[in-house]
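To start, the structure itself, in structure tokens.
The values are calculated or read from the model by the stated rules, or taken from the named source; none is laboratory data. Bear in mind that the values here come from a model prediction, so they are computed numbers and not experimental data. All Cβ positions, glycine included, derive from the backbone under ideal geometry; neighbour counts span all protein chains shown. What goes into the accessible areas is simple: the full protein's heavy atoms, side chains included, and nothing from ligands, DNA or RNA. Shrake-Rupley method; radii C 1.70, N 1.55, O 1.52, S 1.80 Å.
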Amino acid sequence: PGARPEEAPVPSGAPALLLLHANPGDGRDFDAVLPALADRYRTFVVDWPGYGGSTAPEPGRVTPEGLVEVAERVIDALAEEQGVREVAVLGNSVGGYVACRLAEGPRAASLTALVLIGPAGFTRHTALTRWFCREVMGRPARARRLVVPLARAYLGRLGTPSARGTYARARGLPHDERRLAVHCALWRGLVDPDFGLVDPAALDLPILLLWGRRDPVVPAFLDGRRARRVLPAGTPSVRLPTAHEPYNERPGLFLRHVLPFLEDPRAVTARGLRPPSRPRSR
């Protein structure tokens, strides 16, 4: 996979941060918040196979569990090539699922905190959701007609250059057979028998859960509520007035919640998340 190093110089010894994007998308989806993050952390951005600067030799066989293996290899490479021994992970959608699976697996000791943004893996599947994942979004002939309107819905307001860039890339997806095959394979993988978290309540590290109130993909009132119920007690949780990608839609508001958590994850978890301060009107 492609992994881009930090976009700005940071102090020697600064903590590391790994960003995992949604499907479809690539590391550029984080461009609105990357400067603020990279100013404080050694920030690395992954492009999943088939997106951005990464290739997918067999695009139709990419799976969520395969992305977990990719992320494990990235963490190993960061340790070997960059000297990164500990890293916080920020993941959106399937990227959030991968972050949770990393915390359940052999790389758990390397993780310092998770920021989960509308993460996959908390949907209670029904016959309808399985059909939608397999037969609608999982089939290129059908998904081709839906990926653009769905992207327009889950991106919410296109008020930032980053959001508009993400939407422009989504508009090209129906015309790129390899990327479309990856997109559909990941949707099918969401209902594979081997997909799912082992025991979210047992995750033993600080977690910040963020959800968009207007998220049409993993709704806050269903998936978000279930995530809050099954994650460890006391996990800070925030609903933002956005759709599926709050870092794209409302980057300033997103950072006002995320930066204090990343600064001291265990302290924030212990005292509970406080609403960000607002400037006084004059």
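For Leu150, the stated conditions do not hold, so it cannot be described as touching a Pro at 6+ places or on another chain (Cβ under 9 Å), modelled with pLDDT of 95 or more and either assigned to a loop (DSSP other than H, G, I, E, B) or surrounded by 21 or more Cβ atoms within 10 Å (Cβ to Cβ) (or both).
Listed here are the residues, each with its yes/no results for (1) farther than 20 Å from Asp199 by Cβ; (2) not charged (D, E, K, R).
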| position | (1), (2) |
| --- | --- |
| Arg73 | yes, no |
| Glu80 | yes, no |
| Gly91 | no, yes |
| Val94 | no, yes |
| His125 | no, yes |
| Arg130 | yes, no |
| Arg145 | yes, no |
| Thr160 | yes, yes |
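Here are some conditions: (1) at pLDDT 95 or above; (2) open to solvent by less than 40 Å² (accessible area, probe 1.4 Å). Trp131 meets all but one. Which one does it not meet? Answer for Trp131: the failing condition is (2).
Within region 218-229, the set of residues being assigned to a helix (DSSP H, G or I), open to solvent by less than 40 Å² (accessible area, probe 1.4 Å) and not acidic (Asp, Glu) comprises Ala220, Gly224, Ala227. Scanning region 89-117 for residues that are buried (at least 23 other Cβ atoms within 10 Å of the Cβ) and part of a strand (DSSP E or B) yields a total of 9. If you go through region 31-55 and pick out every residue that is under 22 Å from Val84 (Cα atoms) and either surrounded by 19 or more Cβ atoms within 10 Å (Cβ to Cβ) or of a type in the set (Asp, Glu) (or both), you end up with 13. For first residues located in region 106-126 and in contact (Cβ under 8 Å) with a residue 12 or more places away in the chain, partners that are basic (Lys, Arg) and lie 6+ apart or on another chain with Cβ distances below 7 Å form the pairs Ser110/Arg85; Phe122/Arg226; Arg124/Arg226.
Among the residues that make up region 162-169, is at least one of them part of a helix (DSSP H, G or I), of a type outside the set (Val, Ile, Thr) and under 21 Å from Thr63 (Cβ atoms)? No; the residues of region 162-169 include none that is part of a helix (DSSP H, G or I), of a type outside the set (Val, Ile, Thr) and under 21 Å from Thr63 (Cβ atoms). Sort out which residues of region 229-246 are of a type outside the set (Val, Ile, Thr) and under 17 Å from Leu205 (Cβ atoms), and write them in order of number. Leu231, Pro232, Ala233, Gly234, Pro236, Ser237 - these are the residues of region 229-246 that are of a type outside the set (Val, Ile, Thr) and under 17 Å from Leu205 (Cβ atoms). Pairing residues of region 200-217 that are open to solvent by 20 Å² or more (accessible area, probe 1.4 Å) with residues that are among the aromatic types (Phe, Trp, Tyr), at Cβ distances under 6 Å and at least 6 apart in sequence or on separate chains, gives Pro216/Tyr154; Val217/Tyr154.
Taking the conditions (1) part of a loop (DSSP other than H, G, I, E, B); (2) of a type in the set (Gly, Ala, Ser); (3) over 26 Å from Arg213 (Cβ atoms) in turn, Gly121 satisfies each one other than (3).
Residue under question is Glu58, and the condition is that it be free of Cβ contacts under 8 Å to residues at least 24 places away in the same chain, closer than 18 Å to Asn23 by Cα and open to solvent by 40 Å² or more (accessible area, probe 1.4 Å); does it hold? Spelling it out, Glu58 is indeed free of Cβ contacts under 8 Å to residues at least 24 places away in the same chain, closer than 18 Å to Asn23 by Cα and open to solvent by 40 Å² or more (accessible area, probe 1.4 Å).
Arg157 meets all of the listed conditions (1) farther than 25 Å from Arg28 by Cβ; (2) open to solvent by 50 Å² or more (accessible area, probe 1.4 Å) but one, namely (1). For region 61-100, a residue qualifies if it is in contact with a Gly (Cβ under 9 Å, 6 or more places away or on another chain), farther than 19 Å from His183 by Cα and free of Cβ contacts under 8 Å to residues at least 40 places away in the same chain, and exactly one does: Glu72.
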